[in-house]
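Contents: one structure, followed by commentary.
The values are calculated or read from the model by the stated rules, or taken from the named source; none is laboratory data. Since we're looking at a predicted model, the values are computed, not measured. For neighbour counting, all protein chains shown are included, and Cβ atoms are generated from backbone atoms with ideal geometry for every residue, glycine included.
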Amino acid sequence: MIRLRGLKISIDKSSRELEKKVKRRLSIPFSDDIEITVVKRSLDCRKKPELFYVYTLDIRTKDEKKVLGKFVKDKDVFETPKDPFSFEIRGIIPMETRPVIIGAGPCGLFCALYLARHGYRPIICERGKDADKRLDDVTGFWNGGPLNPSSNVQFGEGGAGTFSDGKLQTNNNDKDGGVKRVLSEFVRYGGPEDILFEQKAHLGTDVLIDILKNIRHYIEEKGGTFCFEKKLTSLKTHDKIVDLTFEDGEVITTQAAVLAIGNAASDTFESLYKCGLPMMAKPVAMGYRITHPQAMIDEFAYGTSDRDDLPSAPYKLTFKASNGRNVYSFCMCPGGYVIDASSYYGGLCVNGMSYSGRDSGTANSAIIVTSPVLNPDDPFSTLKAQRAIEKKAYDLCEGAIPAQRFTDYKANVATTDSDDINHAVKGAVKGANLRGIYDEDSEEAFISAMERFGRTIPGFDGDEAMLYGVETRTSSPVRIIRDTDTRLSPAGCIYPAGEGAGYAGGIVSASLDGIRTAQAIADAFAPMEDHLG
């Protein structure tokens, strides 16, 4: 096939002009039949309101070598590269125990998926509930019911990614084809095909839940076992095995334990550290979730807010304050909701979520400020700071999400008018004064950044900007040490993986880390079916 990059077409003409423009670009006769596969599509808004799609395409046609011969000096026309992704069974050590995966978030699920597909029959232990029961608990909490510390936005099938925008972007350059393979798996188990080529693809909570269940059912068909409401409390390594002890008293022994715990599993971090698992503190950027009318963001991005044929627009903003702190937007959710993402009594944090339609009419994102590790010698120094901030936020409004108009935040006065504070929010919310939750340097950097962002996006720092506190779970506060090559903890038999262990950030990178961890196990061990039948 022929790979063609950089083909630009007006979005109003793209569907009917694509084939014609390809043939014209490659000097293919209009009478010839061609087959076009979209590899990537991005939106070019630099000449707004005139908008363009920019395509990367794979084209199949007769006499492809002749076509390629005409463009040997054209860097945007070349033979389609072969898929570099591979998953190989190289291990020779007999696996006499089933591998155990702790956590059913993206990392744990994809690790289990590849192990199950290749005969390893993994056991997946998740402290939370399955997707359907978890959804009932989360919506009940948002509607005023009690918080379940083991079944909430953070814990349960799919991890924190289940109740999110479902963004499928990553900074990975995908030289080994892993990102493409992750996206292909999402499509295989129920995701829309456009996630394979859209530059800023997403799934949405409503779609993600069905995909998770489909993956689970496949793993079970291949001999895997899911154990929900199964919380790990301690472990002990021996020569070539590890004993995993759970809250219900059961002990499971395995030669390979994958720690795919989420970044909110602070109690698990502490218990595992007491068991001798080496860890280190990691810096975590923290701040607030902010909302604006989606029409404001669409107007900025597209030059008009009246384009029903276009998706709700995202944005990405960065700023470096004079005091050295970096401030940036994170986890932007077009047409989304601010959600109460708390996971323990007495602490409060928020996140952003979207459904697949992204049609709430409200844009939100986290605006976060970087901070250093508070004490490099204390692996829980960042975690302690995180908890202290979440406690302040909880106490401010007795457990409800504290909300404040940015102009009031800047003036250091509370927002009290209740009719303006509930802009697409899931969970109890009250007006408040958020000043004093973070240190003065963070607040100074945040205000300066917001003023700068307001010069980029008109109105961003105006009266329609509403803050919700606090956004603290942007990444894991610790890193569980592992070897770069084998992915093993120095304790042996244990494979720290994914976002909670400090090696990923988002659905795609966590899923990819799960696949690579499964490959590390396959590099060491032969599949169960090879010697157990």
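Just a few scattered comments:
- Wholly enclosed strands (runs of 3 or more DSSP E) of segment 1-80 bearing at least 1 residues free of Cβ contacts under 8 Å to residues at least 40 places away in the same chain and more than 18 Å from E198 (Cβ to Cβ): 35-44
- Filtered residue count, segment 367-383, keeping only those that are more than 17 Å from G436 (Cα to Cα) and in contact with an Asp or Glu (Cβ under 9 Å, 6 or more places away or on another chain): 2
- Candidate set from segment 150-188 (those that are of a type in the set (G, A, S) and out of contact with any helix residue (DSSP H, G or I) (no Cβ under 8 Å at 6 or more places or on another chain)); member that is surrounded by the fewest Cβ atoms within 10 Å (Cβ to Cβ): G177
- The single condition among (1) more than 18 Å from T253 (Cα to Cα); (2) in the same structural domain as Y189 (by TED's automatic domain parsing); (3) surrounded by fewer than 21 Cβ atoms within 10 Å (Cβ to Cβ) that C107 does not satisfy is (3).
- Segment 89-102, subset outside any strand (DSSP E or B) and in contact with a helix residue (DSSP H, G or I) (Cβ under 7 Å, 6 or more places away or on another chain), residue farthest from T486 (Cα to Cα): R98
- Screening A518 with (1) at pLDDT 95 or above; (2) under 18 Å from the mean Cα position of the chain (by Cα); (3) of a type outside the set (S, T, N, Q) gives one miss only, at (2).
- Qualifying positions in segment 316-353 - more than 15 Å from F446 (Cβ to Cβ) and hydrophobic (A, V, I, L, M, F, W, C): C331, M332, C333, V338, I339, A341, L348, C349, V350, M353
- Exactly one residue among G224, G191 is crowded, with 22+ Cβ neighbours inside 10 Å, over 18 Å from the mean Cα position of the chain (by Cα) and of a type outside the set (A, V, I, L, M, F, W, C), and that residue is G224.
- Residues of segment 478-498 include at least one that is surrounded by 20 or more Cβ atoms within 10 Å (Cβ to Cβ), polar (S, T, N, Q), assigned by TED's automatic domain parsing to the domain that holds G514 and assigned to a loop (DSSP other than H, G, I, E, B).
- Residue match in segment 370-391 (condition: closer than 30 Å to D309 by Cα, assigned by TED's automatic domain parsing to the domain that holds D309 and not polar (S, T, N, Q)): no
- Of the helices (runs of 4 or more DSSP H) that lie entirely inside segment 192-307, those containing 1 or more residues that are at pLDDT 95 or above, over 30 Å from V429 (Cα atoms) and acidic (D, E) span 205-221, 266-274.
- Residue ID - nearest to I9 (Cα to Cα), chosen from residues in segment 56-88 that are in contact with a Gly (Cβ under 8 Å, 6 or more places away or on another chain) and surrounded by 15 or more Cβ atoms within 10 Å (Cβ to Cβ): T56
- Residue among V251, V242, V207, V258 that alone is of a type outside the set (G, A, S) and in contact with an Asp or Glu (Cβ under 7 Å, 6 or more places away or on another chain): V251
- K430 being outside any helix (DSSP H, G or I), of a type in the set (D, E, K, R) and either surrounded by fewer than 21 Cβ atoms within 10 Å (Cβ to Cβ) or at negative phi (or both): yes
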